[in-house]
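Bear in mind these aren't lab numbers, they're just calculated from the coordinates by the rules spelled out. Quantities reported herein were computed from a predicted structural model and do not represent experimental measurements. Cβ atoms come from the backbone with ideal geometry, glycine included; neighbour counts cover every protein chain shown.
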């Protein structure tokens, strides 16, 4: 007996050569429902399929093994993966005096990224009638705080070095992207969907990597970054100021670092250092502290240190070293 396992995320007929060979050579091909895509495709190829309908796993296993005693049987797995069937077959085979041989035939594999389709399907279920009432009422505005929060949690996870923590928090960031895409798709105004987001990203990556996808020339990371900035400037000519495009809501240390980075890229790094040094500020004033922080940002950049990350690391060490104290 053979069990043909396939990926529901690929077209039903896109099977390996060994899979079609197993189907064609089987004396009897079985499936749960004639409407299943794989069963339909096999039928379209002129091969008869015996359909059993909605049968519990234990009963289905009994039917398959009884048929196998008379002729070679091949089972086409259902879109839901036939939960419980493997266990039921194993239980009955191990208790049989002369058990049949069971062969697993892999017909198709999930391509990389296939589970992203599952994530889109889950979001569809959550936002559709009969789904989650909380998810259904969310808007771009109501979700924005969660995107900010999840981004910070993802940064913390990435700095922890814990792969499981990283994976979980990056998944939460992905959830926010899926959420906003679905909200936009349902909008009465001209919206977009997850495919438009992905298509735009693909186009941008291809466009900004001509050294990979075209005849551009960039042989080291510095040249790649320079070319990226040049292409970005061509794409966004409306950004006439050197600081245009820096989000206003960025955390202050990160924004200060971004300011310095932009100015340095435009040959204004020395000007910035001189400007900071020349500013009059009374000791202890807000201006003095602000200039001190900006000076620290420049010193950290010169030493190759991300001041925001360094500060977070210090805070974590301090929290871990804090002596136990009572709530009072």
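Of note:
- Largest first, the extents of the alpha carbon coordinates of the range 115-207 on the three principal axes equal 42, 38, 26 Å.
- Prolate/oblate/rounded label for the range 280-328 (Cα gyration tensor, a/c 1.5): oblate
- In plain terms, the chain from residue 172 to residue 134 could stretch by 12.0 nm, reckoned as 0.36 nm per residue minus the Cα-Cα distance.
- Normalised contact order of the range 165-217, rounded percent, pairs of Cα under 8 Å and 6 or more residues apart: 17
- For the range 2-106, pairs of C-alpha atoms spaced more than 19 angstrom apart make up 38 percent of the total.
- Taken along the Cα-to-beta-carbon direction at a fixed 7 Å, the label points for residue 244 and residue 69 span 8.0 nm.
- Rounded to 10°, Cα long-axis angle of helix 307-321 versus longest principal axis of the chain: 80
- Helix 269-278 vs. the chain, principal-axis angle (Cα, 0 to 90°, nearest 10): 50
- Coordinate range along principal axes, alpha carbons of the range 145-294, Å, largest first: 54, 40, 39
- Once the chain from residue 286 to residue 271 is taken as fully extended at 0.36 nm per residue, the excess over their C-alpha distance is 3.2 nm.
- Förster-model FRET efficiency, 25 Å R0, residue 202 and residue 144, C-beta, rounded to 0.05: 0.50
- Spatial separation of Cα centroids for the range 243-279 and the range 111-137, in angstrom: 41
- The chain shape via C-alpha gyration tensor axes, a/c threshold 1.5: prolate
- P(r), alpha carbons of the range 248-321 - 5 Å bins starting at zero, rounded %: 3, 15, 22, 23, 19, 11, 4, 2, 0
- The listed peptides 317-323, 237-243, ordered by packing as a protection proxy, come out as 237-243, 317-323 (highest mean of other Cβ atoms within 10 Å first).
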